[in-house]
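Let me begin by presenting the structure, written as structure tokens, before commenting on it.
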Amino acid sequence: MRNLEDIYEEYDFLEGDERYRLLIELGRELEDMPDALKTDATLVRGCSAQVWVYPTSASDQLHFLADSNAAITKGIVALVIAAVQDKPASDVAQMDIAGALAPFDLKNQLSSNRTQGVPNMIALVQEHAARIAAA
């Protein structure tokens, strides 16, 4: 998976529909999430589309599988995951993920129903990171 800085470098160069295409491409680059993991327990609440996020490791190095039933939303999920993937739990627990995503200006690039679940995705990831960091 590409890191957030590399993604932003490309995103910043693009405009309008090209940005949508990049988000869709990012969603396609996510690791496959088995259907068996797409349960009510892994469902992120408050998203307009269905979004699932599953931590695959209980070690200090965080790793997540994620998916969505909507292409653009899946790309947004990929941005959130790119911000935290394979980083130490203690770093992610303290990280300003919303701040890391701010340069993408998603609220002005996408409709509000596409971005309404982002805070819930961030909260889920950080809660998991905090649990692992405290263990």
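Tally up the residues in segment 85-100 that are of a type in the set (A, V, I, L, M, F, W, C), assigned to a helix (DSSP H, G or I) and open to solvent by 20 Å² or more (accessible area, probe 1.4 Å), please.
3
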Residue count, segment 71-84 (criterion: crowded, with 22+ Cβ neighbours inside 10 Å and over 19 Å from Asp6 (Cβ atoms)): 1
Suppose we keep only residues that are at pLDDT below 95 and in contact with a Leu (Cβ under 8 Å, 6 or more places away or on another chain) within segment 55-70. Which one would you say is surrounded by the most Cβ atoms within 10 Å (Cβ to Cβ)? Pro55
Exactly one of Gly46, Gly27 is surrounded by 15 or more Cβ atoms within 10 Å (Cβ to Cβ), farther than 20 Å from Met95 by Cα and of a type in the set (Gly, Ala, Ser), and that one is Gly27
Segment 1-40, subset of a type in the set (Val, Ile, Thr) and under 14 Å from the mean Cα position of the chain (by Cα), residue nearest to Trp52 (Cα to Cα): Ile24
Return the pair list, or none, for Cβ contacts closer than 7 Å from residues in segment 16-37 that are in contact (Cβ under 8 Å) with a residue 60 or more places away in the chain to residues that are open to solvent by 40 Å² or more (accessible area, probe 1.4 Å) and of a type outside the set (Phe, Trp, Tyr), at least 6 apart or on different chains. Arg19/Gln109
Could you list, ordered by first residue, the pairs with Cβ atoms under 6 Å in which the first is in segment 59-80 and over 23 Å from Pro103 (Cα atoms) and the second is open to solvent by 20 Å² or more (accessible area, probe 1.4 Å) and β-branched (Val, Ile, Thr), at least 6 apart or interchain? His63/Thr56; Leu65/Thr56
Being touching a Gly at 6+ places or on another chain (Cβ under 8 Å) and either of a type in the set (Lys, Arg) or assigned to a helix (DSSP H, G or I) (or both), is that true of even one residue in segment 47-68? no
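Could you list, in sequence order, all residues of segment 104-135 that are open to solvent by 70 Å² or more (accessible area, probe 1.4 Å) and part of a helix (DSSP H, G or I)?
Lys107, Asn108, Ser112, Asn113, Arg114, Pro119, Glu127, Arg131, Ala134, listed by residue number.
The values are calculated or read from the model by the stated rules, or taken from the named source; none is laboratory data. For clarity, every value in this text was computed on a predicted model and none was experimentally measured. Heads up, the Cβs are rebuilt from the backbone with ideal geometry, glycines too, and the neighbour counts pull from every protein chain shown. These area figures cover heavy atoms from the full protein model, side chains too; ligands, DNA and RNA do not enter into them. Shrake-Rupley method; radii C 1.70, N 1.55, O 1.52, S 1.80 Å.
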